[in-house]
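Here's the structure, in structure tokens; my notes come after.
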Amino acid sequence: MAATYWAFNAYVSSSFFHVGLAATYFLFDLVVGIGITHAYRQLAHTRSWIQLGPSQLFKVILPAILLTGTLYAVLIIVKNYCARLVFNLHFESTLIVSFQRNFLTVLATGIRLTAIWILAFHLYHYAMMQIRIAKENARLAGISARHLTMAAVDPFRPEQIHHITRLWVWRAGRGFRGSSRASTPMGFASVPRRAAATR
């Protein structure tokens with residue numbers, strides 16, 4: 001966006017349509033903008049600024065916006081002056097005069113552009129951090145719920161009766177009075193009383 005603006009500025013800043021100056025402005029503005037934003041991105045990841053909360057982040061991004069905006073203004077003014085020298089378009093006699101005429105205007109533009117980019121960069125990473133936290137909390141909640149469900153159906157908890165620990169009740173088979181089978185559990189052979197007494 002900034003490169004397009006300065007390319008348009010090259011069209012209207014001279015008394016004739018200058019394609020070379022417009023292309024130079026556009027290409028070098030892309031280099032300046034991408035270079036500054038990538039340098040800040042690398043610094044933010046190195047210093048772990050993307051993990052800061054809103055209150056701590058404000059103390060970081062305010063100086064960063066001012067610094068990157070100033071750097072942008074300096075590079076743009078130098079680029080404009082050098083490009084005009086190359087194409088013999090002398091709008092200012094010296095580089096100092098160019099700074100005196102254009103610094104405040106370009107500085108305001110640079111602060112505005114870098115502020116938009118830096119705020120968008122940190123808002124994106126803050127949103128991603130909140131999404132990761134929400135997913136992790138949901139995962140832990142799911143694990144806790146699954147463990148509670150497994151505990152509810154655990155066959156070996158004290159109040160649960162399992163087939164291994166169940167007390168079996170043996171039914172007595174049919175028999176006649178005086179018969180030893182009347183008190184013998186089903187499935188077991190009847191033992192004579194004499195043999196039982198000798199055991």
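Descriptive notes on the structure:
- Checking each residue in the range 52-68 for being of a type in the set (A, V, I, L, M, F, W, C) and at pLDDT 90 or above picks out Val60, Ile61, Leu62, Ala64, Ile65, Leu66, Leu67.
- Residue within the range 57-70 that is closer than 15 Å to Phe121 by Cβ and among the charged types (D, E, K, R) present: no
- Scan the range 80-100 for residues that are touching a residue at least 12 places away in the same chain (Cβ under 8 Å) and under 17 Å from Val31 (Cβ atoms) and the total you get is 4.
- Residue in the range 43-51 that is more than 20 Å from the chain's Cα centre (by Cα) and either modelled with pLDDT under 80 or surrounded by fewer than 17 Cβ atoms within 10 Å (Cβ to Cβ) (or both) present: no
Results for (1) surrounded by 12 or more Cβ atoms within 10 Å (Cβ to Cβ); (2) of a type outside the set (A, V, I, L, M, F, W, C), shown as yes or no for each residue.
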residue: Val60; (1), (2): yes, no
residue: Ala73; (1), (2): yes, no
residue: Ile96; (1), (2): no, no
residue: Arg112; (1), (2): yes, yes
residue: Lys135; (1), (2): no, yes
residue: Gly142; (1), (2): no, yes
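- Scanning the range 69-88 for residues that are of a type outside the set (S, T, N, Q) and at pLDDT below 90 gives Ala83, Arg84, Leu85, Val86, Phe87.
Residues are listed down the side, and each one gets a yes or a no for (1) modelled with pLDDT under 85; (2) assigned to a loop (DSSP other than H, G, I, E, B); (3) under 31 Å from the mean Cα position of the chain (by Cα):
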| residue | (1), (2), (3) |
| --- | --- |
| Val106 | no, no, no |
| Ala115 | no, no, yes |
| Ala127 | no, no, yes |
| Ala134 | no, no, yes |
| Ala141 | yes, no, yes |
| Asp154 | yes, yes, no |
| Glu159 | yes, yes, no |
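The values are calculated or read from the model by the stated rules, or taken from the named source; none is laboratory data. Not measured: the values here are computed from a predicted model. Cβ sites come from the backbone with ideal geometry, for glycine too, and all protein chains shown count toward neighbours.
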